Amino acid sequence: MAMSLLGRFAARAPVPVFPAVGRDGEVRLDVLSLAPALRVVDSPRHASILLVSGDIRTADRDSLARVHDQLAHPRATLWWGTQPRADTGAALTVAAAESPETALRDLYRRLLTGGHTSETHWLADEPPNPWRGRGDHGQGGEGMMGGVPYGRMMPMPPTPDLRDGLALDVYTAQFGPFLPQLPPGLVLEITLQGDVIQSAAVVRPPFLPGRDASAPFDRVLHEATPVAAIERARAAHHLRCVARLLGILQLAPQAARCRRTALKIERGGSIDLAPLRKTLRRAGAFAAIPAGLGPIDAAWAAELGGPAARAADQARDRRETAPAYRNLDFRTLCQSGGDVRARFTQWLDEAEQALALARAAGDAAIEKGAPVETPWGHRAPPSVYRLTDMLPGLEWGEALLTIASFDAAAVCRMAPLGIENP
């Protein structure tokens with residue numbers, strides 16, 4: 001009776017959810033994370049419900065199973081806008097167009113009060129390290145220093161650290177595709193010495209919003225679309241990019257404010273971003289980004305959609321290709337190439353520019369069948385520009401900030417398969 005009473009009290013708390021984001025699931029999750037009845041956590045060990053949002057690649061299914069099995073009991077899975085695994089029994093699903101908030105709250109209440117049975121492991125119940133306990137001293141090999149390691153990676157021999165030349169043991173592991181600090185879908189194999197990256201390779205690229213990474217980034221409108229709606233979508237996209245970078249900086253309240261602002265903009269609200277900039281400055285967001293981190297030259301920045309001349313290029317292109325833009329008066333941005341801090345500032349600048357365009361557009365619309373650049377689109381070159389070239393020598397936190405300073409489209413172009421840093 002006492003446990004049942006405690007369970008009912010606990011069920012009133014925010015639902016701890018770990019999101020496994022697949023293709024087309026990130027924007028929906030950004031909106032859902034603002035619900036006060038939910039608490040999106042960064043580790044599956046702190047969650048009671050695994051929320052699978054978007055389509056999961058076949059190559060990521062084993063990773064999803066490993067994430068699921070890390071959830072503590074009682075636990076459950078909710079599939080949002082995607083087909084559940086065939087071996088999960090009576091799976092709980094929610095359509096992509098619906099909000100899963102009510103379903104999550106009900107599922108959490110039933111988990112804690114015994115109305116829903118905790119899910120069993122998806123993976124076979126086998127020892128993760130079959131070599132454990134073998135050898136004369138239980139170290140998994142022969143002799144005190146290992147010898148034959150029974151499949152375990154040995155830390156010898158040490159290699160010189162890229163930063164200071166010290167010879168230290170290295171550790172190689174894969175990160176992703178559901179690591180919250182990385183773009184959804186991205187899997188990197190990284191070799192570390194301490195927290196310094198020695199080398200990096202792309203195992204699987206991240207998802208591109210709305211389409212596969214190999215597809216073109218522009219689309220053709222199927223119906224006449226107001227210019228203001230397109231520009232509001234751009235502003236919201238840039239603010240969500242800002243929010244992801246703020247999450248890396250552990251500025252969760254400021255990140256949530258950016259997501260709320262993006263949602264208001266998409267719904268047609270009139271927003272002034274000056275107070276948001278002031279809030280970010282007072283919170284130390286700009287100062288927290290190391291100066292000179294992740295520098296790129298002006299040409300690279302322009303091609304990747306970074307701070308160098310992107311806004312000017314877009315302004316010229318829109319005036320030439322879209323009649324609705326020809327008579328609009330707006331300023332263009334002309335920063336030279338920059339670093340993570342410059343790209344962070346650029347997102348805010350472009351969000352303000354898009355809002356100015358939306359206000360100036362009035363009733364102007366782009367005709368059906370006209371090509372339009374998506375909010376995440378860019379004209380990035382082939383894989384000559386590589387993310388894996390930027391990571392070696394950075395500490396782990398610096399690497400996460402560098403990756404987060406590019407949107408998913410840029411990371412897709414910078415992270416081709418089969419490209420490894422030597």
Residue check, residue 63 against (1) modelled with pLDDT of 90 or more; (2) at positive phi, all met but one. Which one? (2)
Taking into account only those residues within region 273-306 that are at pLDDT 90 or above and out of contact with any helix residue (DSSP H, G or I) (no Cβ under 7 Å at 6 or more places or on another chain), which is nearest to residue 234 (Cα to Cα)? 274
Against the condition at pLDDT 90 or above and under 26 Å from residue 28 (Cα atoms), how does residue 69 come out, does it pass? yes
Test set (1) buried (at least 16 other Cβ atoms within 10 Å of the Cβ); (2) in contact with a helix residue (DSSP H, G or I) (Cβ under 8 Å, 6 or more places away or on another chain); (3) modelled with pLDDT of 85 or more - residue 386 fails condition number: (3)
Within region 97-105, is there a residue that is out of contact with any strand residue (DSSP E or B) (no Cβ under 7 Å at 6 or more places or on another chain) and modelled with pLDDT of 90 or more? yes
Within region 179-219, of all residues that are charged (D, E, K, R) and either closer than 21 Å to residue 242 by Cβ or modelled with pLDDT of 65 or more (or both), the one farthest from the chain's Cα centre (by Cα) is 195
Restricting to region 18-32, name every residue that is out of contact with any Gly (no Cβ under 9 Å at 6 or more places or on another chain) and under 16 Å from residue 179 (Cβ atoms). 18
Could you pull out the residue among 357, 348, 394, 400 that is at pLDDT 85 or above, outside the structural domain of residue 24 (by TED's automatic domain parsing) and under 20 Å from residue 225 (Cα atoms)? 357
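Per-residue answers, yes or no, for (1) surrounded by 14 or more Cβ atoms within 10 Å (Cβ to Cβ); (2) in the same structural domain as residue 25 (by TED's automatic domain parsing):
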| position | (1), (2) |
| --- | --- |
| 63 | yes, yes |
| 73 | no, yes |
| 78 | yes, yes |
| 84 | yes, yes |
| 99 | yes, yes |
| 105 | yes, yes |
| 108 | yes, yes |
| 117 | no, no |
Tell me, which residue of region 86-97 that is under 20 Å from residue 27 (Cβ atoms), small (Gly, Ala, Ser) and free of Cβ contacts under 8 Å to residues at least 60 places away in the same chain is surrounded by the fewest Cβ atoms within 10 Å (Cβ to Cβ)? 97
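The values are calculated or read from the model by the stated rules, or taken from the named source; none is laboratory data. Since we're looking at a predicted model, the values are computed, not measured. When we count neighbours, we look across all protein chains shown, and the Cβ atoms used for this are built from the backbone with ideal geometry, even at glycine.
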